[in-house]
Amino acid sequence: MRLRGLWTTLALLAGCDLFGEPAQPPGSCSRDSDCPAPQRCYVDGCGTLPSDLLAEVITSELTGVTSVDLALGSPRANLPIVLPDAQLLQLNVRRGAGAYPASVQILATGASTLLPGVNRTTQTAGASVSGVFQVGLSTGRFTVLVSPLDPTVPPGIQTGVGVDAGVTPLTIALLPPALVQTLSGVVLAGPGQPEPVPPQVQLLAPDGRPLSALATADPAGAFQLSAGMDALDGGAVLQVTPGPGPLAAVAGFPVPDATRFAQPFLVGDTAGPIGVSGTVLGPDGNPVEGASIFVQGTVVGGGSGNVGPVFTARDGSFSIETLPQGSNGSLLLWIIPPPGSIAGLVRTALDAPAGAPVNGTWNCPSRPLLRGSVLLPDGGTLAGAGIRADPVATIDPATPLPPAGASGQTGQPGSFALLLDPAIYQLEVQASVDLPVVRSYVRVDPAGTQLDPIAIPTGRSLTAVVLRDAGTPVPEALVRVYRNVVLDDGAPRALVLGEGVSDTTGVATILLPQQ
Amino acid sequence: MSPGRARGLLLAAAVTLPACLLPQEDHIIQPLPPEMNQPPRILEDKLLPSSRFVTVNNGADCPNLSFLAPVADPDVTDTLIYNFYVDPNLFPNFVKQAIIANNGLEIRSDPATYEVSFATPGPLQQPGGHVVEVLVSDGALVGRTPLPRTVTLLDGGTAQDPTYAVTYAWTVTVVAGPCP
């Protein structure tokens with residue numbers, strides 16, 4: 001009896017199938033050799049990821065938030081990403097033979113050299129007795145501008161500064177007093193008539209480089225600028241920017257030599273503002289509510305005006321004030337309907353001479369539709385997938401770049417339709433947490449665009465270990481994986497494929513679409 | 001089979017087969033009440049631009065200005081929504097709204113992003129001082145106010161679970177002029 005019970009127990013236990021090796025699901029692996037060539041083994045199975053992946057690794061240090069760009073090479077599981085122990089610009093600010101110890105503002109603007117279209121800006125301020133600043137700066141090519149707080153010291157600028165991974169030394173020499181000249185002038189709205197609010201003035205090189213500090217004129221319009229002795233050798237531009245308050249124009253005056261400062265700089269914006277009002281109608285004849293209205297262009301006196309935004313009311317009406325036009329066709333009226341509106345963007349000449357208000361009705365064209373559908377890896381359709389389109393480039397020089405895109409979801413048959421002004425957009429499709437986000441660049445034509453079905457590929461999770469030079473894991477590093485593509489106009493552009501944040505052990509897991 | 005051998009077999013089975021499921025005591029664990037929602041947060045040490053103060057030129061040729069705000073939420077299943085505003089004191093409507101899907105982790109993969117092109121009219125084209133603000137919420141928003149969620153309690157009743165919104169703002173100084 002007891003023996004029978006024993007055999008019964010053993011038989012039941014054998015049914016648990018614990019005596020044999022469990023069979024691995026198809027496609028699973030523990031090493032690359034488990035996968036058929038050219039696939040590799042990732043944490044979620046065998047697969048193939050593109051071999052031209054690029055990464056941007058964003059980390060935070062005391063010196064600032066920086067990005068390091070690098071090529072990932074052939075992607076494999078537990079890919080090491082080694083960052084330098086320090087990613088910074090070692091900036092040495094000098095004046096004459098010594099360090100410049102007073103307060104400066106440091107502004108570095110540039111772009112990644114590895115990731116086209118990824119722009120970067122870093123700004124800091126302070127003073128250093130040694131003149132040495134450690135500024136966290138991402139990899140790329142930068143213009144570094146050092147602006148002393150003392151307006152008698154002209155700013156120093158260095159263009160084309162290549163910043164690689166690690167520490168990049170740079171010395172910027174500010175002009176010593178012996179090489180600085182003082183330029184005094186007067187800026188007026190009209191002859192004998194100062195601007196109601198004193199404007200700001202700055203001397204710029206023809207290519208936009210600042211040659212002096214930004215200074216504010218006094219109530220009578222008088223100002224002083226300090227610039228290098230040779231600042232005017234290649235010609236320069238005096239940029240006049242209105243102060244806050246009444247309408248005024250931004251003006252740029254060519255300065256061939258220092259004698260120009262003997263004459264007042266007349267902005268010529270003495271004419272009173274004129275009102276522009278009217279109604280914005282959509283393609284269906286109904287008023288467009290919430291459209292942004294801007295007026296931009298050359299105004300009376302030759303300066304540039306830029307007013308707005310004001311927003312259309314429920315009945316499509318708006319009212320805005322601008323300085324009168326400089327000449328026929330020199331002002332443009334922009335009407336930017338809100339996202340989701342069937343009305344499209346309008347940029348049209350505005351006839352706004354001095355003396356009389358302008359009133360009109362403006363009709364927006366139909367906003368084109370971007371249509372498409374989403375297919376799952378098994379060919380099935382998916383409702384509820386998130387769709388987002390962000391404008392990145394114009395379709396041609398004559399068509400303005402819209403300021404915003406749109407978002408939505410796929411409907412029951414897996415299809416979607418977004419109302420978008422003509423442009424090149426980055427289209428993002430997020431099907432589910434388990435599937436990779438698919439991004440691509442799409443062109444929306446004035447007549448609309450019908451996309452081929454977007455097939456969501458299966459994804460593979462790339463695991464990367466983010467380390468410092470010394471081997472220390474880096475937690476909370478944001479790893480963005482890109483691939484460079486070429487837009488319709490031939491311009492290269494980096495396309496985000498996936499993102500992930502490293503954990504306490506430095507491991508980041510990034511779900512990427514398979515090739 | 002001798003009793004000693006049978007005991008040995010049973011002992012061996014007990015040692016080698018610990019993973020096999022065996023009947024357990026029928027003790028039903030009572031479900032826990034739903035956890036209260038916790039607020040999301042903006043990872044301020046990972047923001048781009050990293051400085052709260054930013055100076056840019058507004059020339060049409062100037063590169064786009066990108067804002068990036070990584071976010072986290074201890075409620076890993078929460079979907080986050082973010083709005084960007086420019087000069088919200090003047091223009092209360094957002095200039096961009098988007099969703100950050102959950103990735104099963106507290107720190108989300110996708111940051112909140114906003115890109116400004118100076119080739120297109122916008123509030124940031126005007127020279128002077130501006131504020132760019134990002135608002136991140138784990139609930140539906142009415143304007144800037146997150147709506148509470150209605151949760152079902154164990155006794156079948158309902159309660160209001162608050163949702164949260166957190167913000168960060170940059171001060172942007174726009175200078176008239178092209179970019180060198």
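A few comments on the model shown:
- Once each of the GluC sites (Glu not before Pro) sitting in a DSSP loop with at most 10 other beta-carbon atoms within 10 Å is removed, chain B keeps B:36-180 as its longest stretch.
- In chain A, the sites counted are trypsin sites (Lys or Arg not before Pro) in DSSP loop states with at most 11 other Cβ atoms within 10 Å, and the longest stretch holding none of them, exclusive of the sites, is A:32-313.
- Kirkwood hydrodynamic radius of the stretch A:150-279, from the reciprocal of the average inverse Cα-Cα distance over all distinct pairs: 16.3 Å.
- Averaging Cα coordinates gives a centre for the stretch B:111-161 and one for the stretch A:237-306; these two points are 33 Å apart.
- Taking the C-alpha atoms only, the angle from helix B:3-16 to the longest principal axis of chain B is near 0 degrees.
- Bridges between two residues of the protein assembly as shown, per DSSP, are antiparallel at a rate of about 85%.
- Label-to-label distance for A:Val129 and B:Asn64 is 4.6 nm, based on points extended 7 Å past Cα in the beta-carbon direction.
- Three-way shape call for the stretch B:59-113 based on the alpha-carbon gyration tensor, with the a/c threshold at 1.5: oblate
- Cα centroid of the stretch A:149-204 to Cα centroid of the stretch A:71-126, whole Å: 23
- Separation in nanometres of the label points that stand 7 Å from Cα toward Cβ, at A:Arg443 and B:Gln38: 4.9
- Prolate/oblate/rounded call for chain A, Cα gyration tensor, a/c under 1.5 rounded: oblate
- Within 10 Å of the Cβ of each residue in A:278-291, the mean number of Cβ atoms contributed by other protein chains is 0.
- Calculated FRET value between A:Thr259 and A:Thr216, using beta carbons and R₀ = 30 Å, to 0.05: 0.80
- Label-point separation in nm, B:Val131 to B:Phe53, each point 7 Å along Cα→Cβ: 1.7
- The residue among A:Cys35, A:Asn92, A:Val57 whose Cα reaches farthest toward the positive pole of the charge dipole of the stretch A:20-171, with charges on the beta-carbon of Lys, Arg, Asp and Glu, is A:Asn92.
- Alpha-carbon centroid distance for the pair the stretch A:358-392 / the stretch A:409-457, whole angstrom: 7
- Degrees separating the helix A:2-14 axis from the principal Cα axis of chain A, which is the longest one: 30
- Shape call, the stretch A:239-346: gyration tensor on alpha carbons, a/c limit 1.5: prolate
Since every read-out is calculated from the coordinates, none of them should be taken as a lab result. Keep in mind the model is a prediction, meaning the values are calculated, not measured. No Cβ is skipped: glycine too gets one built from the backbone with ideal geometry, and neighbour counts run over all protein chains shown.
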